[in-house]
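The values are calculated or read from the model by the stated rules, or taken from the named source; none is laboratory data. Note that the structure is predicted; figures quoted are calculated from it, not measured. Note that we place each Cβ from the backbone using ideal geometry, even for glycine, and neighbour counts take in every protein chain shown. For accessibility, only protein heavy atoms count, side chains too; no ligands or nucleic acids. Shrake-Rupley method; radii C 1.70, N 1.55, O 1.52, S 1.80 Å.
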Amino acid sequence: MKPTVTQISPTAALHYQSGFISSDDSEQLVKLWEHNLDWVQSTITMFGKKVAIPRLNCWYGDRAYGYSGTHFEAKPWTPELLQLKELIEYRSGLLFNSVLVNWYRDGQDCMGWHSDDESCLGAQPQIASVSLGDPRKFVLRNKKDTSLKHTVTLENGSLLLMLGDTQSQWQHSLPRTVKSQRSRINLTYRLIV
């Protein structure tokens, strides 16, 4: 299926493709990764205090990574994470060397407003986000005018590319929901420079 392109500003775009991974493959990967990845509940520094994030995560790839006082040493690629990276690279023409994997155990696990704009990601980070499991609403808001918003429902097996100036101009979040009670794994492939 061809991606849907949304130009959210003159220099920022979202490319969304449903069915990037089949439902059967998605289900198998969720079952595998729930039990076989090295999950941790990280803490971030907010207003000078350490706070546990409301989800589990892990970091794989070629380079270490850090944000908001959290530091990840890179764990070696698993065959499935590497195969998915190579498929995204082949289909998108982008290159990645690391992945942050988030496990949202139910609708109460969430992600607050932020941008993936750390200096180690370069001036114009290109992020590939793969969603497996229960669909969730993904919301973006403009940094200069927070009333400007875009919402994308991240379906099971979907791929979302955040391109151009998306990270420098927009923040994104995954709000809590009572509708989602099942497990969801999200992978955000990145290029650490």
key: Residue list for segment 47-75, restricted to those being basic (Lys, Arg) and open to solvent by less than 30 Å² (accessible area, probe 1.4 Å)   = Arg55
inquiry  = Would you confirm whether or not segment 104-121 contains a residue that is in a loop (DSSP other than H, G, I, E, B), open to solvent by 10 Å² or more (accessible area, probe 1.4 Å) and without any contact (Cβ under 8 Å) to a residue 24 or more places away in the chain?
reply    = no
query = Do we find a residue being in contact with a helix residue (DSSP H, G or I) (Cβ under 7 Å, 6 or more places away or on another chain), farther than 23 Å from Ile44 by Cβ and not aliphatic (A, V, I, L, M) anywhere in segment 71-82?
reply = yes
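Matching residues to (1) under 17 Å from Gly19 (Cβ atoms); (2) part of a loop (DSSP other than H, G, I, E, B):
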| site | (1), (2) |
| --- | --- |
| Leu132 | yes, no |
| Val139 | no, no |
| Leu159 | yes, no |
| Gln167 | no, no |
| Ser180 | no, yes |
| Asn186 | yes, no |
key: Tally of residues being of a type in the set (Val, Ile, Thr), closer than 19 Å to Asp117 by Cα and open to solvent by less than 10 Å² (accessible area, probe 1.4 Å) across segment 134-191   = 1
query = Is one or more of the residues making up segment 47-54 at pLDDT 90 or above and under 16 Å from the mean Cα position of the chain (by Cα)?
reply = yes
inquiry  = Go through (1) assigned to a helix (DSSP H, G or I); (2) modelled with pLDDT of 95 or more; (3) out of contact with any helix residue (DSSP H, G or I) (no Cβ under 8 Å at 6 or more places or on another chain); (4) open to solvent by less than 60 Å² (accessible area, probe 1.4 Å) for Arg91 and report which single condition fails.
reply    = (4)
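Residues checked against (1) within 26 Å of Leu84 (Cβ to Cβ); (2) without any contact (Cβ under 8 Å) to a residue 60 or more places away in the chain:
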{"residue": "Lys137", "(1), (2)": "yes, yes"}
{"residue": "Asp145", "(1), (2)": "no, yes"}
{"residue": "Ser158", "(1), (2)": "yes, no"}
{"residue": "Tyr189", "(1), (2)": "yes, no"}
ask   = Within the set of pairs 6+ apart or on separate chains, which have a first residue in segment 53-73 that is without any contact (Cβ under 8 Å) to a residue 60 or more places away in the chain and among the small types (Gly, Ala, Ser), a second that is surrounded by 14 or more Cβ atoms within 10 Å (Cβ to Cβ) and in a strand (DSSP E or B), and C-beta atoms under 6 Å apart?
value = Ser68/Ile44; Gly69/Ile44
query = Could you count how many residues in segment 20-46 are part of a loop (DSSP other than H, G, I, E, B), at pLDDT 95 or above and open to solvent by less than 30 Å² (accessible area, probe 1.4 Å)?
reply = 3
